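Notes for the one structure printed next.
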Amino acid sequence: MDFSELNKSRYSCRSFSDRKIDDELLNSVLKEGLIAPTAKNNQPFRIYILDSDEALKKVDEVTSCRYKAKTVLLFTYKKDEEWVSPLDEGITSGIQDASIVATTIMLKAKEAGLDTCWVCYFENRKLKKLLNLEESEECVLLMPIGYASASASPSPRHYEKRDYNELVKKL
Ligand SMILES: Cc1cc2nc3c(=O)[nH]c(=O)nc-3n(C[C@H](O)[C@H](O)[C@H](O)COP(=O)(O)O)c2cc1C
């Protein structure tokens, strides 16, 4: 599959089967994410694999968006490791860094026959407490990952794309 085909084939999967991901396959997908660029190469992100009953129960306590996936990834960043702009107050890189890593993993997962969904609809601070994350660590997104169920399909919203000229402009 070339990149364009791969990119088009990805959609937000909201129905996963019971089939668990082999550890080796998951590790190979995650390793690809570690190649992604981060500001000043600080690599402030962390990825947590949530697949025990206990961890998945915690995920279910903070979101309705697990979609029955047996594995959920949590992407965070450490506030004391992110790049801080010396030019503008409040401009930092942590969310961007974690998001580039997550996007890379999302596409690599698709290539590996896995589906994913980017989830921001969760009680962020509650999850941080439930998982005993350090004060300096911030949650960015949850990502259910696994094999799509037989009934999984893209939502109608997947096809609603604005026109190129509305989104891309020369100034
Ligand atoms: C930042 C971000 C947050 C999102 N949060 C959620 C979410 O909490 N729950 C969910 O089901 N989908 C979520 N999505 C998926 C979007 O709804 C989806 O990407 C969009 O509707 C386009 O559909 P597609 O991914 O199938 O192309 C999120 C996507 C992004 C990029």
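Each residue in the stretch 138-156 was checked for being within 12 Å of the ligand (Cβ to nearest atom) and closer than 24 Å to Q96 by Cα, and 5 pass. Residues in the stretch 37-68 that are in a loop (DSSP other than H, G, I, E, B) and away from the ligand (no atom under 16 Å from the Cβ) were compared, and the one that is surrounded by the fewest Cβ atoms within 10 Å (Cβ to Cβ) is S52. The numbered conditions (1) in contact (Cβ under 8 Å) with a residue 40 or more places away in the chain; (2) more than 15 Å from L74 (Cβ to Cβ) are all true for A98 except (2). Of the residues in the stretch 76-96, at least one is over 17 Å from N124 (Cβ atoms), in contact with a Phe, Trp or Tyr (Cβ under 7 Å, 6 or more places away or on another chain), among the polar types (S, T, N, Q) and in a loop (DSSP other than H, G, I, E, B).
Being acidic (D, E) and more than 25 Å from Y11 (Cα to Cα) is a property that does not hold for E111.
Could you please find all residues in the stretch 1-21 being in a loop (DSSP other than H, G, I, E, B) and more than 18 Å from S149 (Cβ to Cβ)?
Those that are in a loop (DSSP other than H, G, I, E, B) and more than 18 Å from S149 (Cβ to Cβ): M1, D2.
All conditions in (1) exposed (fewer than 12 other Cβ atoms within 10 Å of the Cβ); (2) among the hydroxyl-bearing types (S, T, Y); (3) closer than 19 Å to E135 by Cβ hold for S85, with the sole exception of (3). Annotation: L34 fulfils all but one of (1) buried (at least 18 other Cβ atoms within 10 Å of the Cβ); (2) closer than 19 Å to A102 by Cα; the unmet one is (1).
The listed residues are L171, L167, and the only one of them that is away from the ligand (no atom under 15 Å from the Cβ), without any contact (Cβ under 8 Å) to a residue 12 or more places away in the chain and exposed (fewer than 10 other Cβ atoms within 10 Å of the Cβ) turns out to be L171.
Looking at the stretch 116-134, which of the residues that are within 12 Å of the ligand (Cβ to nearest atom) and either among the small types (G, A, S) or outside any helix (DSSP H, G or I) (or both) is farthest from S9 (Cα to Cα)?
Only one residue tops the list, namely E123.
Among the conditions (1) in a helix (DSSP H, G or I); (2) in contact (Cβ under 8 Å) with a residue 12 or more places away in the chain; (3) more than 10 Å from the ligand (Cβ to nearest atom); (4) surrounded by fewer than 15 Cβ atoms within 10 Å (Cβ to Cβ), K108 misses just one, which is (4).
Coordinate-derived values only; no laboratory data. Predicted, not measured: the structure shown is a model, and the values here were computed from it. Positions of Cβ are backbone-derived with ideal geometry, glycine not excepted, and every protein chain shown enters the neighbour counts.
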